[in-house]
Structure formats: C-alpha cells, structure tokens
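The values are calculated or read from the model by the stated rules, or taken from the named source; none is laboratory data. The shown structure was predicted, so the numbers you read here are calculated from the model rather than taken from an experiment. Reconstructed Cβ throughout: ideal geometry from the backbone, glycine too, with neighbour counts over all protein chains shown.
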There are 2 protein chains.
Amino acid sequence: MKVVVTGGGTSAPIDDVRVITNVSTGRTAAAITECCLERGAEVWHIHTPSAQLPFLRSAGFNLDAADPRREHERLDRLQVKWRSVGDRLHLRPLEVGTVAEYADALRIVLTTQDVDLAFLPMAVSDYEPEPHEGKISSKRDELSIPCKRTPKVIRAVRDWSPTVYLVGFKLQSNVDRDELIRQAHDACLINRADLTVANDLTDVKAGRHTLYLVRPGRPTALLEPGADLTDRLVEHVWEWAKK
Amino acid sequence: MKVVVTGGGTSAPIDDVRVITNVSTGRTAAAITECCLERGAEVWHIHTPSAQLPFLRSAGFNLDAADPRREHERLDRLQVKWRSVGDRLHLRPLEVGTVAEYADALRIVLTTQDVDLAFLPMAVSDYEPEPHEGKISSKRDELSIPCKRTPKVIRAVRDWSPTVYLVGFKLQSNVDRDELIRQAHDACLINRADLTVANDLTDVKAGRHTLYLVRPGRPTALLEPGADLTDRLVEHVWEWAKK
C-alpha cells in the first residue's frame, strides 16, 4: 500500500516577520503515518516546518526522568523501530509552509507515485494576504489585513490521481452533530473524497475527541474518544480502501 | 544575579483555528538563558508554547545516529548539566502566547522578584484582531482582518522594576545600518531601556547574523557573526549590568 499523509498547519505571510497560521500540531498526521508504517505501507509524509513528525516526535530524552536507564532503553527501541521503517518513510518538508508549496508537494507525489490512499489532515489556510516586503511599520493605531481566498487543494486531488482513496478532514468549532455530519457529507461531494473525517474543536478541547467517518451513501461511523483513536481510524480506512 | 528572559513569538487569535503570529523560534532566548545559568544566575524564562527551551532543545535523540552510544553519552552529560541548574531555572510558559499573557507573566516576575537583568527577545505582536468566536466561514472570496495596536509591554518594565538592567531587541528587515542603529537608539529612550540589541533579518537569512549593541550616550558595539554570538552578547551585558 502506498500512502500520502499531510500534517501541520499552513502559514500565510503578512510581511517578513508576521504570518497567519492555522493552528495544528501535526500530531494526528504523525500518528496516522506511524500506524500506516506499522501496517507495512510506504508513506510520503508532507509536513509544515513546525509539525510533529512520525517517531521523531517521541525522540526527546526526558531530562527529568528519575530512572534515565529506562529512557535510554526506550530510545534504543525507538531507534530499532525507526531503522525498520526508515526506507518506507519519505518525509517531504515544506520550506515555509504556504498553501502553494503544499499544493506542489502533494501534486508531485500523486502524479509520480501510484498512491493508493491519501489522508489530508493538514490544516490549510482558507485566506491569504498579499505578502508585504520588509516589515510593516507599527506606527499606525489600526491595521487592516486584506486577504483573498486560497485555491482548495483537496479539490484537485481527484484530477491528480483518479483512483486514490481520498480521506479529507473537516474541523469545526462548536457546531451541532447533525450539522457537522451534513457539512462533511457536502465536503465529500465537492472534494470528490471517499471519506471525510469530521470533528469538533469543542470536543478536542474538552478531552473527548470524537471522530465522525462520513461517506456519501453509506452509514456514518462514530469513533469514540480513546488513546487508540487514530489506530481505529486507520483500521477502518484500510478496510474500505482495499475494496 | 537574578535574570528574566523572554522567548518565542506571541500569537493573536483571529478565530478558534487561525492566529496571527510573529515568527520566532525562541532560539536566542534559550541560548541566553543557558549562558546566564552557566554563569551562576537564577533565571525566569517566560516563553510561548512552541518556543525552543533552554537545554530541553538539545534533548532530542538523533535516530539517524550511526553511533548511538555517543548520543546516549551526550544525553547523559546534558542531564547532569540540567540537574545542576534545575533549581535555578524557572520556566514560565504562556498558555496561548498572547501579548496580554506575556505582560502578566513579566509583570509578576518583575514585581515579586528582585530582578537585576531582563533580556526581552520575545517577538511581540504589534497588532491584534478582535478574536471571533467559533470559526470564520470560508465562503466569501475576500476577508479583511481589522487589527488594533497592542500595548507596548517593554515600555512598562521600568515602572515594574525601576532598577533592572533592561535589554530590548529590535529586529528590522532590510534597513541600512545607520537607520537600524538610529531606531535602536530611539527605542532605548522610549522604552527606558539600558541597551537595545539591533539586528536585521536580511543578515540572519544570509547566515551572517550581526548584532549592534546600542546604548544611549555610549558607543555602539558591533558583534560579528559566529557560533558564540550569544555568549559574547551575554558577556558584554554582564559587565554593563554589574556597574
């Protein structure tokens, strides 16, 4: 199975020192890639500069560890795992993390590799300002930042790869469940996606992260909160993508 | 010597998923804190959520290391160092990283501790939008983000601590050297700072990071690029602050 995964939040520069970013740690994408690698897949992992990365995100030595030997052993096991998957993981970092860089990176992977499955949890900017060269002076009392809508990268995926099993993600904030599912359903149609994974920030912040797996013409699957949430997501998608 | 150091770039939320941030890794602040700790100081390190942290920033195990034993030894030495400074380092994380949180954290340290020296390299937002509850819809073709100027936190420092040796930082982009020094001089007066460290992004990006140490009524010191740039900065400041 060849898989592409995208993670982190894109950045839209306002000037040389200020950016508008979509908040996203890249944790979900990193976890998805780890699951896919453990299932034997080859993975292209496209990520923004500050996104958490598969396996590397666990490579920090806990300096406060009471028993450092355990930390050393944990890191040795991690390195064994890392070496065993290393040749199947292709990290594709974006330099700044703009939407344009993201579109390029995704297009290149999808048009040069025979990708079976695409997970796109990257939080992509909907709007971008026209970047100002240098640094905007801070003398004025008010500043208005005019932004234009960015092209929706996910809508082009089906053109780049007619056969890929496409998984989009829809994050909302404080929307009721039926409305969230309706929006995810619409997203499937407009993005020509096989599946849209819908979730709500309010649940995430409250520590009860729930996923709604929405497919056109199929019943919605609900994944309850839990530490193995990403494993369960990948398990479902694996079955559906094989058909 | 009691020292406060601030690092990272502040965030100004636009809505529940988008923020305007000032780009800053927090690397300079982390290096300054390490130098101060090694000189025996007690340090309050105020930082944004994603900023690099003193010593912790070096705690990543290199999974690609050909000789893992060396990595283990390096981490053991780092842990020894960490334990030797641990009780003199007070990390003060900001929850979101807003300017208001930053002002609160700095005020509390400066008004409750008898701080001798303050380094403020944190990249602080000059403008903030009025945060929108929920997530702004992305249906419109254009979006204008109205922002207001934030209060200048550094200007209040002298009120919170009349005697602290105050070091401000001025980052410009593509400004000529005389203009950069003039702006840093003005910043010293308006911020009631003892020293303003001026630098230009163009130098940083070109790999020739140069610092201009600007003090009112004193000659400007120029610190040439080099791996020990932060050590040399702290060395100068240490001498000046003791007087």
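Taking residue B:105, is it surrounded by 14 or more Cβ atoms within 10 Å (Cβ to Cβ) and farther than 26 Å from residue B:215 by Cβ? So residue B:105 fits the description; yes.
Screening residue A:100 on (1) modelled with pLDDT of 95 or more; (2) within 12 Å of chain B (Cβ to nearest Cβ); (3) assigned to a helix (DSSP H, G or I) shows it passes everything except condition (2). For segment B:125-150, taking the residues that are among the β-branched types (Val, Ile, Thr) and surrounded by fewer than 20 Cβ atoms within 10 Å (Cβ to Cβ), the one that is farthest from the chain's Cα centre (by Cα) is identified as B:136.
Between B:80, B:109, the distinction of being in a helix (DSSP H, G or I), more than 8 Å from chain A (Cβ to nearest Cβ) and either under 30 Å from residue A:67 (Cα atoms) or among the polar types (S, T, N, Q) (or both) belongs to B:80 only.
The residues of segment A:177-217 that are touching a strand residue (DSSP E or B) at 6+ places or on another chain (Cβ under 7 Å) and part of a helix (DSSP H, G or I), listed by number, are A:180, A:181, A:183, A:184, A:185, A:187, A:188, A:191, A:201. In segment B:44-68, the residues that are facing chain A (nearest Cβ under 7 Å) form Cβ pairs under 9 Å with partners that are surrounded by fewer than 18 Cβ atoms within 10 Å (Cβ to Cβ) and among the small types (Gly, Ala, Ser), at six or more places apart or across chains, as follows: B:50/A:50; B:56/A:60; B:59/A:60; B:60/A:60; B:61/A:60; B:63/A:86. Between B:171, B:233, B:166, the distinction of being within 20 Å of residue B:46 (Cα to Cα), part of a strand (DSSP E or B), under 19 Å from the mean Cα position of the chain (by Cα) and modelled with pLDDT of 95 or more belongs to B:166 only. On the stretch given as segment B:145-163, residues that are outside any loop (DSSP other than H, G, I, E, B) and within 12 Å of chain A (Cβ to nearest Cβ) total 5.
Yes or no: segment A:14-32 includes at least one residue that is outside any helix (DSSP H, G or I), more than 13 Å from every other protein chain (Cβ to nearest Cβ), buried (at least 20 other Cβ atoms within 10 Å of the Cβ) and out of contact with any Cys (no Cβ under 7 Å at 6 or more places or on another chain). Full working, then the answer.
Step one: of segment A:14-32, the residues outside any helix (DSSP H, G or I) are A:14-26.
Add one more test, that the residue is more than 13 Å from every other protein chain (Cβ to nearest Cβ), and what stays is none.
Scanning segment A:14-32, I find no residue that is outside any helix (DSSP H, G or I), more than 13 Å from every other protein chain (Cβ to nearest Cβ), buried (at least 20 other Cβ atoms within 10 Å of the Cβ) and out of contact with any Cys (no Cβ under 7 Å at 6 or more places or on another chain), so the answer is no.
Within segment B:66-76, being under 16 Å from residue A:73 (Cβ atoms) and of a type outside the set (Lys, Arg) holds for B:68, B:71, B:72, B:73, B:75, B:76. Find the residue count for segment A:115-132, including only residues that are facing chain B (nearest Cβ under 8 Å), in a loop (DSSP other than H, G, I, E, B) and in contact (Cβ under 8 Å) with a residue 60 or more places away in the chain. The number of residues fulfilling the criteria is 1.
Residue-level analysis places residue B:228 among those that are of a type outside the set (Ser, Thr, Tyr) and either within 26 Å of residue B:2 (Cα to Cα) or modelled with pLDDT of 95 or more (or both).
A count restricted to segment B:61-77 and to residues that are within 18 Å of residue A:58 (Cα to Cα), hydrophobic (A, V, I, L, M, F, W, C) and surrounded by fewer than 18 Cβ atoms within 10 Å (Cβ to Cβ) stands at 1.
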